[in-house]
1. Check off (1) of a type outside the set (D, E, K, R); (2) under 27 Å from the mean Cα position of the chain (by Cα); (3) open to solvent by less than 30 Å² (accessible area, probe 1.4 Å) for ILE433 and give me the number that stays unchecked.
2. Restricting region 519-569 to residues that are of a type outside the set (D, E, K, R) and open to solvent by 40 Å² or more (accessible area, probe 1.4 Å), which is nearest to ASP43 (Cα to Cα)?
3. Assuming SER166 fulfils every condition listed in (1) in a loop (DSSP other than H, G, I, E, B); (2) in contact with a Phe, Trp or Tyr (Cβ under 8 Å, 6 or more places away or on another chain); (3) not hydrophobic (A, V, I, L, M, F, W, C) apart from one, which condition is it?
4. Any chance region 99-121 includes a residue that's over 25 Å from GLU205 (Cα atoms), β-branched (Val, Ile, Thr), buried (at least 20 other Cβ atoms within 10 Å of the Cβ) and in contact (Cβ under 8 Å) with a residue 12 or more places away in the chain?
5. Does GLY411 qualify as being under 21 Å from SER358 (Cα atoms) and surrounded by 14 or more Cβ atoms within 10 Å (Cβ to Cβ)?
6. So how many residues does region 164-193 have that are open to solvent by 40 Å² or more (accessible area, probe 1.4 Å) and either closer than 23 Å to THR131 by Cα or basic (Lys, Arg) (or both)?
7. Which ones in region 123-134 are of a type outside the set (Asp, Glu), on the phi < 0 side of the Ramachandran plot and either modelled with pLDDT of 90 or more or open to solvent by 30 Å² or more (accessible area, probe 1.4 Å) (or both)?
8. Output the strands (runs of 3 or more DSSP E) that fall wholly within region 452-560 and possess 1 or more residues being among the small types (Gly, Ala, Ser), or say none.
Amino acid sequence: MGVADFLWARRLRAGRALLLGYQPDPALLLETVRLCSPIAYEDRKGVRVTRKMRLRGPIDLTPSLAARADLPTGWRTAYVLEETWRDIGGRSCLPWDVVEGLARRLNGCAHPPPRPGEALSSVVGGSEIPTPRLVEVLAEVLPGLRFHEWIDDETISFRSETSPISVLFIRYSGGIEYSIEVEDPAALTPDILATGELAALLIAEEAGGTALDLNGFLLPPRNDRGGHPPPYGAAGQGVKPYSDGRRRVRRVWAAAGAGLVLTLVTVAITLAVLAGAVPGSGDGLWAVTETTAPAPSKDRQIRLPGSSITIHESDEDPIRLTSYTLGAGDEYRLHIRGAGTHEFVKNDEYGHYTLNPSGTHALATARAYSTDNYEIVSIVDHRTGEVSDVKTAKAPLYGLYPRWSPDGTKGLITLYEAVEGEAVPRIRGYTIIDIATKKASVVRVKDKDVGEWPYFWRADSQAVGTWAIAKETRQVRFYDLRGRVLQTLPDVGTPIWVEGENTSPSGTLMITYCAEAQEVCVWSTTGDGGKPKVRIPFETDRIIGWYDDQHIVAWREQGSGHEAVLIDFKGTVKRVLATSAEDDEGFARQFMLYTRAG
């Protein structure tokens, strides 16, 4: 499985996905999004719903990618809603509403599947309707409507004698709202939903407010009700309203020039997803203090051949870029740094090239099998070019992502197999190479919950780890050098792509993605405590690796491209180490391998 597929699978699994049986016209998609967020606009990655939220896509949803991302089959195109929670302005928004509202209008499917909720529609803004007049306005759709009770100091409930639909009138500091709800979400039918939407339109006409559907999308006027797809999306997909356990969310619409700006007044709900624990607070978390990364005496800039990437480095850095790859298939290219130089040379013989910390030898995977159809891993003298070839697994297995053990005595290769009829190769196990004897031991792992993420070394050089994933269960599992399970770390977040080593230079810490927030979690490699040592408030899809025991290097979006930055455990950016102007596809296929300087 390539880096691009890894990233898409992780994004789709972690976010809220919109699944379609076709690729929609971009103008239609934008117009539909604007029914919920009038400030939405197109950007090069999809549709920016708000300044803090993007609908990324379209993504070609192959059967293998759908399986990797735990998505239902039979859909052709996917979009994933991403929340960019940097402090860059813009309004809050409700991601589950955006995806489910789009699914209903575009004949698609929302994933994860929605759950029934009480809300049918709402009316925000306008003026209060006297109770006798409200009863009169809704007489045909909600016969026998009458006052029921005061729910709280702000909310009055009205119920119908013949319908399961109730009307709530809510007054608060920001204005008023009418919320139309069904008493029992399990009893919801298309007819009930249509009745609730009609009630909202009638109230909006009388009160002068804005009628919204259950997802906060503008409802069309009553004289234009024929233009929407069936309310439950594609036939048989069962897209239904979803409340996520929340009773209602208040929305206030305000005029802003010639357009409308939607302001969401939320009651202690949306930030809960992103809050979590703050570094230095709560049991099991380290008290994080401000740290200082060594300031380079001279910033050397190198433009990498064949790319739009520029690296920034210093002789004082503890890590150094030693190789990088670009493209895929026939366009795949490897560049290797010359020994003791700042020059990178294209190499057509190897697939990956990993230098050891002392800078003397490299592990390199061959791009072709031997004449007797064995995968070859080369131990290369980096200074002289002398090569010792080691036969590993027999075709159709092949190796990627060579890794040196922390003690420098062994090599680790993740074994893949291309399966006929499947676009994504499967991971079958790993190979351990004894550097001194130049002998290889091939280990096949048959556990059904592993096989998606590459293997990495444990700090003691006596075990290798990988992610074990089964539905909602995600854990890190360590095997000995013969394939026996030694240790399992449950509840350590979710996978994140790390181009270098997953564990810190001291071997005591490892990196994952926090399960419940867009943060990087740092854990003890022993799994003690069951809580992360540190939560780094930094949004990223991929990490280059560890700089030292108190800093990591991670990629982030910057303008129309990306930059790799050095950050501390507070998420503070210390330096820029690389910039890339590659487009999304090119960025996903670039792979930069830094080696710890000896």
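The values are calculated or read from the model by the stated rules, or taken from the named source; none is laboratory data. Because the structure is predicted, anything quoted here is derived from the model rather than measured. For neighbour counting, all protein chains shown are included, and Cβ atoms are generated from backbone atoms with ideal geometry for every residue, glycine included. Surface areas here come from the heavy atoms of the whole protein model, side chains and all, with no ligands, DNA or RNA. Shrake-Rupley method; radii C 1.70, N 1.55, O 1.52, S 1.80 Å.
1. So ILE433 meets the others, but not (2).
2. SER560
3. Every listed condition holds for SER166 apart from (1).
4. yes
5. Yes: the conditions hold for GLY411.
6. 5
7. VAL123, SER127, ILE129, PRO130, THR131, PRO132, ARG133, LEU134
8. It comes to 463-470, 520-524, 542-548, 551-558.
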